[in-house]
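Input: a single structure, listed below in structure tokens.
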Amino acid sequence: QVQLVESGGGLVQPGGSLRLSCVVSGSIFRLDVMGWYRQAPGNQRELVARMTWGGSANYADSVKGRFVISRDNAKNTVYLQMNSLKPEETADYYCNVAIRAMGYWGQGTQVAVSS
């Protein structure tokens, strides 16, 4: 069993910042890839950012330069620092991890960007 618990979502004004966290617990060999996805109402779930065990990261074009993903392998935790948030980025944000080619999802945390 692998459990993912996200936190850090909430309501923020346009241009504001939030930091999401995801703690992974359970039967973990190695968290090969840790990442964040988001899904807005009526839209498909999309990749926001992900990072490999070795620290290689890739981002959706729409968030490059504003979002930063990081991870603490000792704590089995991944973070997403989101800056200069836009109203269109209102969505449920989901943590995803890959362990030995198996993917696991968290329950999601809501992010609302509104004035």
### Query
Consider residue 110 against the criteria (1) part of a loop (DSSP other than H, G, I, E, B); (2) touching a residue at least 12 places away in the same chain (Cβ under 8 Å): it satisfies all of them except one. Which criterion is unmet?
(1)
### Query
If you scan region 98-115, which residues turn out to be of a type outside the set (Lys, Arg), surrounded by fewer than 14 Cβ atoms within 10 Å (Cβ to Cβ) and closer than 18 Å to residue 34 by Cβ?
101, 102, 103, 107
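Conditions (1) at negative phi; (2) among the small types (Gly, Ala, Ser), marked per residue:
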residue	(1), (2)
21	yes, yes
26	no, yes
29	yes, no
51	yes, no
### Task
Starting from residues that are over 13 Å from residue 21 (Cβ atoms) and of a type in the set (Asp, Glu), keep the ones in region 72-97 and report whichever is least open to solvent (accessible area, probe 1.4 Å).
89
## Note on the structure
Just one listed residue, out of 46, 6, is in contact (Cβ under 8 Å) with a residue 40 or more places away in the chain and open to solvent by 20 Å² or more (accessible area, probe 1.4 Å), and it is 6
### Message
Any residue in region 49-70 that is open to solvent by 40 Å² or more (accessible area, probe 1.4 Å) sitting within a Cβ distance under 7 Å of a residue that is among the hydroxyl-bearing types (Ser, Thr, Tyr)? List the pairs, counting only those 6 or more apart or interchain.
### Response
70/79
### Summary
Out of (1) modelled with pLDDT of 95 or more; (2) open to solvent by less than 50 Å² (accessible area, probe 1.4 Å), the one residue 39 does not meet is (2)
#### Entry: Top-ranked residue in region 10-36 [being hydrophobic (A, V, I, L, M, F, W, C), over 16 Å from the mean Cα position of the chain (by Cα) and at pLDDT 95 or above; ranked as surrounded by the fewest Cβ atoms within 10 Å (Cβ to Cβ)]
11
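The values are calculated or read from the model by the stated rules, or taken from the named source; none is laboratory data. Everything quoted here is computed from the prediction, not taken from an experiment. Don't worry about glycine lacking a Cβ; one is built from the backbone with ideal geometry, like all the others, and counts go over all protein chains shown. With ligands, DNA and RNA removed, areas are computed over all heavy atoms of the protein, side chains included. Shrake-Rupley method; radii C 1.70, N 1.55, O 1.52, S 1.80 Å.
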